[in-house]
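Read through the structure below, which is laid out as structure tokens, and then see the notes.
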Amino acid sequence: MRTSNPLLNESTFQSRAVQGHGQMTLQGTVNKTAFLLFLTFATAIYTWNMAMTDPAAAMTWVIGGAIAGFVLALITSFKPVWSPVTGSLYALAEGLFLGGLSARYEMQFQGIALQAILLTGGVLLALLAAYSMRLIRATENFKLGIFAATGGIALVYLTTIVLGFFGIQIPYIHDSGFIGIGFSAAVVVIAALNLVLDFDFIENGCTQGAPKYMEWFAAFGLLVTLVWLYVEILRLLSKLARRD
């Protein structure tokens, strides 16, 4: 089963299905996901409050959280057995990053952070309900399409970063014009549809009897998607606000 989330793929479950103690369950994965979200919110509140009073000091934590989150994501992807620890550390690091980032947007557009949180939660619940009722099915063509789209977005962002080192910016897509808003809306849709693939993969992992620690790894992978979705919604809302 394919998923565009590189942290969650079928071979990961299959290659570890005979290791560990106990089996992965859906309820266990939900509990781990809730715990990681709690950790993310805890550190996000810390950098949010700091950014509102001392933005310069908060920026150190924001950059540190972003770098640490990236490193921990790589470590966890190669060592899923460490996910109970590295996944939790990733949640703490991403919270530092998201709290400061959200505060920065909030100072420009009042109320935008709460809107982004509510929209992210709403999208999660809506897609979970649609998936549970089988209104959305993760067919093979669906998975291939989302995988290709996610790869394309990653390539655009990578190109943006590389060109940024030379003072070059890709025109239109980062602006608040119709093209920029359309691009951000498309990215939000792709990020949201990644949740469907994650739901499908987690369900299959539980069915295949993956080891217990994979609940942490699956929860970590789902958190990665949620963080991406939240950031993209935040960017989209900011572009819309600049047009008012």
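The values are calculated or read from the model by the stated rules, or taken from the named source; none is laboratory data. Only a predicted model underlies this, so the values are computations on that prediction, with no experimental measurement involved. A quick note on method: Cβ atoms are made from the backbone with ideal geometry, for glycine too, and the neighbour counts reach across all protein chains shown. Please note that ligands, DNA and RNA were not included when accessible areas were found on the heavy atoms of the full protein model with its side chains. Shrake-Rupley method; radii C 1.70, N 1.55, O 1.52, S 1.80 Å.
Might you work out the accessible area of L89 for me, using a 1.4 Å probe with all protein chains in place, and round it to the nearest 10 Å²?
Approximately 80 Å² of L89 is accessible to the 1.4 Å probe.
Of F220, T160, S102, which is farthest towards the positive pole of the chain's charge dipole, taken about the Cα centre with +1 and -1 on the beta-carbons of Lys, Arg and Asp, Glu respectively?
Sorting the options by dipole projection puts first F220.
Where the only charges are on Cβ atoms (+1 Lys, Arg; -1 Asp, Glu), what is the dipole of segment 166-244 about its Cα centre, to the nearest 20 debye?
Here segment 166-244 has a charge dipole of around 300 debye.
Taking the Cα centre of the chain as origin, sum charge times position over the Cβ atoms of Lys and Arg (+1) and Asp and Glu (-1), and report the length of that vector in debye to the nearest 20.
Roughly 180 debye, rounded to the nearest 20.
Taking only DSSP H segments of four or more residues, each worth -39500 (n - 2.57), what value at 222 nm results for the chain once the sum is divided by all its residues, to the nearest 500 deg cm²/dmol?
The per-residue figure over the chain is -27500 deg cm²/dmol.
Leaving out ligands, DNA and RNA but keeping every protein chain, what accessible area does M24 have, in Å² rounded to the nearest 10, with a 1.4 Å probe?
About 10 Å², ignoring ligands and nucleic acids.
Compute the separation of the alpha-carbon centres of segment 94-139 and segment 52-71 and state it in Å as a whole number.
21 Å
How big, on average over all directions, is the shadow cast by the Cα convex hull of segment 64-206, in nm²?
10.7 nm²
Given just the C-alpha atoms of the chain, how large is their convex hull per residue in cubic angstrom?
Each residue corresponds to 127 Å³ of Cα convex hull volume.
If you take the charge dipole of segment 39-167 about its Cα centre, with +1 on Lys and Arg Cβ and -1 on Asp and Glu Cβ, which of A56, S88, T76 is farthest toward its positive end?
T76
Please work out whether segment 154-202 counts as rounded, prolate or oblate from its C-alpha gyration tensor, where a ≥ b ≥ c are the square roots of the eigenvalues and a/c under 1.5 means rounded, while otherwise a/b larger than b/c means prolate and anything else oblate?
Here segment 154-202 falls in the oblate category.
Based on alpha-carbon positions alone, could you give the equivalent ellipsoid semi-axes of segment 21-145 from the gyration tensor, as √(5λ), descending, whole Å?
Sorted largest first and rounded, they come to 29, 21, 13 Å.
Just reorder R134, R104 by solvent-accessible area, largest first, 1.4 Å probe, all chains present.
The ranking, largest first, comes out as R104, R134.
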